[in-house]
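Working notes, beginning with the structure itself.
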Amino acid sequence: MLSAGLPQGTVPKLERPGPLRERVYEALLELITTRALRPGQHLVESELAGHLGVSRQPVREALQRLNTEGWVDLRPAQGAFVHEPAEEEADQLLSVRTLLEAEAARLAAAHSGRPGIEALEELCARGEQAVADDDVDLAVATSAAFHAKVMELAGNVVLSELAAQVDRRVRWYYTPVARQRGNRSWIEHRELIAAIASRDEGRATEVMRAHTEHTRQTYHLREQS
């Protein structure tokens, strides 16, 4: 049942204004990304509508869109289910992420000034505190913000647009291993900041490539931990 799969306080408030179907779509996508709605979970339109305080029509439209985008599987005579990613699917996306973010790290090292470095340091401190507090949701959100900041500092609009296309799916894969990655991930972030601050493009590329590769490996080993 949906009600058993959504801990209290996880249902996002639907912000106004904006088209209702778009707000329902964003709310459901956030619930999937954060794994409040877990892979393989049955999605019942009436229950989702009740939780979000809307009619079934915008929920149905949102599920159809999520199905098109690969977040939801619509099965004949069974209904809608949160997509369960195959290992190969995850591996391909995380490998692409490595290519994008390694280049972003190189460009950030080439272009970043003191304000950008300070922003990264602030995010890193926030992430370290989240790990210390065992706040997985905050750690995941802060990690995403850190990587988004590196992408911003890279100053390449096309690269940023490509990264934005995979950002939410990266968060989806990272969430179940965030606790396992723990403080090691933030140590690697500190190493990246040092490379960017010293304008060492080669080192920044190397650190980011290793960092994203560690996450990819941890994801594949998660069932054995």
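The values are calculated or read from the model by the stated rules, or taken from the named source; none is laboratory data. Note that this is a predicted model, so its numbers are computed, not measured. Counting neighbours? That spans all protein chains shown, and the Cβs are built from the backbone with ideal geometry, glycine included. For the accessible areas, the whole protein counts, side chains as well, though only heavy atoms, and no ligand, DNA or RNA atoms are used. Shrake-Rupley method; radii C 1.70, N 1.55, O 1.52, S 1.80 Å.
How do the pairs read when you match residues in segment 56-75 that are farther than 12 Å from Y25 by Cα with residues anywhere that are among the charged types (D, E, K, R), using Cβ under 7 Å and keeping only pairs 6 or more apart or on different chains?
Here the result reads R56/E45, each pair linking segment 56-75 to a residue that is among the charged types (D, E, K, R).
Do the conditions hold for L66, that is, is it assigned to a helix (DSSP H, G or I) and either under 16 Å from R168 (Cα atoms) or not basic (K, R) (or both)? Don't jump to the end; show me each part of the working.
Values: assigned to a helix (DSSP H, G or I): yes; either under 16 Å from R168 (Cα atoms) or not basic (K, R) (or both): yes.
The answer is yes for L66.
Does segment 74-94 hold any residues that are surrounded by 13 or more Cβ atoms within 10 Å (Cβ to Cβ) and more than 18 Å from A36 (Cβ to Cβ), and which are they?
Result: L74, G79, E89, A90, D91, L93, L94.
The rows are residues; the columns are (1) in a helix (DSSP H, G or I); (2) farther than 15 Å from T98 by Cα; (3) in contact with a strand residue (DSSP E or B) (Cβ under 6 Å, 6 or more places away or on another chain); (4) modelled with pLDDT under 95.
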position: A141; (1), (2), (3), (4): yes, yes, no, yes
position: H147; (1), (2), (3), (4): yes, no, no, no
position: V150; (1), (2), (3), (4): yes, no, no, no
position: R171; (1), (2), (3), (4): yes, no, no, yes
position: Q180; (1), (2), (3), (4): yes, yes, no, yes
position: I193; (1), (2), (3), (4): yes, yes, no, no
position: T205; (1), (2), (3), (4): yes, no, no, no
position: T218; (1), (2), (3), (4): yes, no, no, yes
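Yes/no matrix, rows are residues, columns are (1) buried (at least 20 other Cβ atoms within 10 Å of the Cβ); (2) of a type in the set (V, I, T); (3) in contact (Cβ under 8 Å) with a residue 12 or more places away in the chain:
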site: H147; (1), (2), (3): yes, no, yes
site: V150; (1), (2), (3): yes, yes, yes
site: N183; (1), (2), (3): no, no, yes
site: R190; (1), (2), (3): no, no, yes
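Which of the residues spanning segment 119-141 are open to solvent by less than 60 Å² (accessible area, probe 1.4 Å), free of Cβ contacts under 8 Å to residues at least 24 places away in the same chain and farther than 18 Å from T34 by Cα?
Within segment 119-141, just A125 meets the criteria.
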